[in-house]
Amino acid sequence: MAGHIFSLTPQPVPRVKTKHRVIQTPIPVEGTAEIFARLDKVESRSMHGQLPLVWERAMDFSVYDIAGNRWIDFTSTIFVANVGHSNARVADAIQATLDRPLYSCYAYANPTRAQYLEKLIAFAGAPFEKAFLLSAGTEATEAVLKLMRMHGQNHGKRRLGIICIENNWHGRTLGAQMMSSNLGQRAWIGYQDADIHHIPFPYPWVLDGQSGEEFFQQGLAKLAAKGIDLSTDVCGFMLESFQGWGAVFYPTDFVQAIEKICCQYGILLAFDEMQAGFGRTGKSFGYKHYGVTPDLIACGKGMGGGVPLSGVIGRGEIMDLPQVGNMSSTHSANPLVCAAGLAVLEELESRNLISEAERKGKVFRDALEALQKRFPERLSWILGNGMIYAILFSDPETGLADGAFTSKVAERCMQKGVLVVHTGRESIKLGPPLTITDEALLEGIAVIGESIAEVAAE
Ligand SMILES: Cc1ncc(COP(=O)(O)O)c(C=O)c1O
C-alpha cells in the first residue's frame, strides 16, 4: 500500500473493553517496531505497508496480539477467512491429513482430491464440469488466460485478443499484470501485449444517465476504431466480479451485454472470483449477481479457508484443452489443501453461511448508509454487496478523493479495536468473516463512525 506510512511508535490510546474488543496497551504495542525492523532486514519491502499490528492468533472474527489486545476483524486477512479464522472443521481436516500422514503426493492420485473436486464441481453447479487446482490466485488468472487463448486457437481466431476492464486487477505474475490495467505496475515487463485490450469500467459516477449497455457499446466502439474485429481478433473477456479497491459492482446490463457479444462472436466469458467467491457477496460466486453464465471462473482466497488454494473451474471442453502435463503444478491438489477446501464447502453449507451473508449484508448496508447520512460531506460512496463493502471518502471542500483522510480513519479504527482493509486509495474495505455476529458487525460499524468523527474533528 504505497502512500501512507503508519507510525511504529506506540501511541497512548483510550482503553477499550467490550464483549468483542480489548485495547489495553498503547498502539502499536511495544515490540512492534522491532519485529518490523527484523522483517525489513530480510524481506523485500514490497510486502510491507499494512497497518502496524503483529498478529498472534485469530479466531472466528477476532484477531489477537501478544499483549492481549483483541480486534473485530473486518478484513478476513484479505477476504480469505470466509468461514472464520482458524475454523474448527478446517483445522480438524488439516490435522487428520497430518495424522494420516499425507503431506504431499504431487500429481499422484489420492481420495481426498477426488472427493474435493467432486464437491467443488457440485458447489459450482452448471455449466461447470471440471476444475484445476493451484496455490495462488494469480496462477489461476494466468491459467484462465491460457485456456481462453488455447480455445481461440482451436476455433481459428486470427488473433488471441483478451478484453479486460480498466482498473480491474488480476494478480502479480506476468499475464495477470497484463490483464490488470495499471500501467505503472506492469512497466517492469518492458513491453505490452498487443492482444490484451482494456475498456472503461462503468463506475456509477461516470455513467451519467447512460445505461450499462450503452456504456459498453462505447467501449467496443473504441476497440473497433483500433481495427479490432470481435469475430476474428478476440477469444476472451476477463472480468473481476466486482472491482476490488472499491467493491464496485457493474450494472447488470453491462455484463449481460458482454455475454451477448461473447455468444455472438464465439468469445469465452471468464470471471475473476478471487474476492467474490465462496459466499463473500451473499451468493456462491459473484457473477450470479448479473444473471449471466460464464465459461470459466478463477478463484482462490476464501476457497482454502486460510491455506494456499486457488483454482480454475470451467466447462469440461475448455478445461481439457491442455494435453496431459501441459497444465499442472507441483502443489496442485495437494492433499492438505484439498482437505481444507472440502471442509470450507461443508462449513458454508452446514451453517448456511451464504444465505446468512446475504441477510447480514442488508444489516451491513443499512448501518453503512446511516453512517453516510451522518457524514454526507465525507462519505462519497457506499458500495458493495453481502459481506463486502467499501466506503469511499472525499474531501469536503474539493469533493475530490481523500486518501490521506482514509488512511487516518483506518489507523484510528485499529487504535479502537476494529481492523479494516487499508487499500492505499480513498477507500476502506470491509469484509468480515461470514460468521460474524450481527452484534459484532454493528459494533464494528459504530467504531468506524466514531473514528470518522474524531479524525474529521482534528
Ligand atoms: C481480484 C483478484 N485477482 C487476483 C488476485 C491475486 O491473488 P493472489 O494474491 O492469491 O495471487 C487477487 C488478490 O488480491 C485479487 O483480488
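Here E411, E443, E426 are screened, and the one residue that is of a type in the set (D, E, K, R), open to solvent by 10 Å² or more (accessible area, probe 1.4 Å) and closer than 19 Å to F61 by Cβ is E443.
Within region 227-255, residues that are among the small types (G, A, S) have Cβ atoms under 8 Å from residues that are open to solvent by 30 Å² or more (accessible area, probe 1.4 Å) and in a helix (DSSP H, G or I) in these pairs: S231/Y265; G236/R149; S241/H289, counting only partners at least 6 apart in sequence or on another chain. Looking at region 427-439, can you tell me whether even one residue there is assigned to a strand (DSSP E or B) and farther than 30 Å from N352 by Cα? No, every residue in region 427-439 fails to be assigned to a strand (DSSP E or B) and farther than 30 Å from N352 by Cα. Candidates are the residues of region 140-173 that are of a type in the set (D, E, K, R) and more than 16 Å from the ligand (Cβ to nearest atom); the one that is least open to solvent (accessible area, probe 1.4 Å) is K157. Being open to solvent by 10 Å² or more (accessible area, probe 1.4 Å) and either of a type in the set (S, T, Y) or assigned to a loop (DSSP other than H, G, I, E, B) (or both) is the requirement here; does Q275 meet it? Taking the combined requirement at face value, the residue satisfies it.
The residues of region 404-458 that are at pLDDT below 95 and closer than 21 Å to P12 by Cα amount to a single one, E458. The C-beta contact set for region 170-181 (first residue closer than 12 Å to V144 by Cα, second residue open to solvent by less than 10 Å² (accessible area, probe 1.4 Å) and more than 6 Å from the ligand (Cβ to nearest atom), distance under 6 angstrom, 6+ apart or interchain) comprises H170/A176; H170/M179; H170/S180; M179/C164; M179/M238.
Looking only at residues of region 68-90 that are open to solvent by less than 50 Å² (accessible area, probe 1.4 Å) and of a type in the set (G, A, S), we find that the one that is farthest from the ligand (Cβ to nearest atom) is G68.
Taking region 8-44 as the range and being open to solvent by 40 Å² or more (accessible area, probe 1.4 Å), touching a residue at least 60 places away in the same chain (Cβ under 8 Å) and more than 16 Å from S451 (Cβ to Cβ) as the test, only K19 passes.
The values are calculated or read from the model by the stated rules, or taken from the named source; none is laboratory data. Computed from a predicted model, the values in this text were never measured in an experiment. For neighbour counting, all protein chains shown are included, and Cβ atoms are generated from backbone atoms with ideal geometry for every residue, glycine included. Note: areas computed on protein heavy atoms with side chains; ligands, DNA, RNA excluded. Shrake-Rupley method; radii C 1.70, N 1.55, O 1.52, S 1.80 Å.
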